[in-house]
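Here is the structure we will look at.
Computed from the coordinates by the stated procedures, all read-outs in this text should not be read as laboratory data. Because the structure is a prediction, the values reported are computed rather than measured. We place every Cβ from the backbone using ideal geometry, glycine too, and count neighbours over all the protein chains shown.
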């Protein structure tokens, strides 16, 4: 079946009886399966490079997003499927990347967060940030157009639980740049394919939320799954890197003391789908 799928376009492959039967079995709801098929076909259509990727990798990445109930629409920015060259297998594959809006969506959905915010601080706006009390004082540029064009000086993120507990952090633009260079070998080598190069602010927002939530936030099972699945490690040449090597792409980091690094084993559509795909 896999060889047959390789000869078909994505829109043809996903409509085959075997694949539709598998999707229906994994998702369990015919309406959900139909919606998923339509949304993922649309996402692939709007990202032509995905058409060149191994069909199973695209379906696996999209089902992971579906298991988190996130949209693959690039316009919504909840998660992305990014093509990369798997030189070991000599093929293109799709990589699941969680967007910062996906982090926000999952956090809000958990019901634990009263407030959650991340913001770029422009040059001249920061009056002071007290790291001890985590208090920030800023004077934001009022003109939206001027603010958008202004140079970014740093990034601020905060959350407040429903019970009143608060946590906040501020990173300078220079610190974020060092972080990107350290944990994204592709960015450090200026390869041109990384999200850091395509959307630095978006990756910076995501990094701030990831740092804040993974270290001090309450992680639901969904959020743990998202954090662990986010961004398969890729080296400077665009190749997957075994987890034994300390080479991380985007904002993947070695586990730190106090962070949640292992999640409970749960049956997800993505895992079930992979088993089904292997049998096709």
- Residues of the range 29-65 with amide N under 17 Å of the 7 Å Cα→Cβ point at residue 21: 29-30
- Task: Sort 85, 199, 144 so that the residue with the fewest other Cβ atoms within 10 Å of its own Cβ comes first and the one with the most comes last.
- Result: 144, 199, 85
- Item | Residues 46, 152 arranged by fewest to most Cβ contacts within 10 Å | 46, 152
- Query: How far, in nm, would the chain grow between residue 31 and residue 163 when pulled straight, counting 0.36 nm per residue and subtracting the alpha carbon separation?
  - Reply: 43.8 nm
- Inter-label distance for residue 114 and residue 142, nm, one decimal - labels placed 7 Å from Cα along Cα-to-Cβ: 3.0
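For 59, 132, 212, 76, what's the fewest-to-most ordering of other Cβ within 10 Å of each Cβ? Before the final figure, lay out each step's value.
Values: 59 28, 132 5, 212 20, 76 13.
Ranking 59, 132, 212, 76 by Cβ neighbours within 10 Å, fewest first, gives 132, 76, 212, 59.
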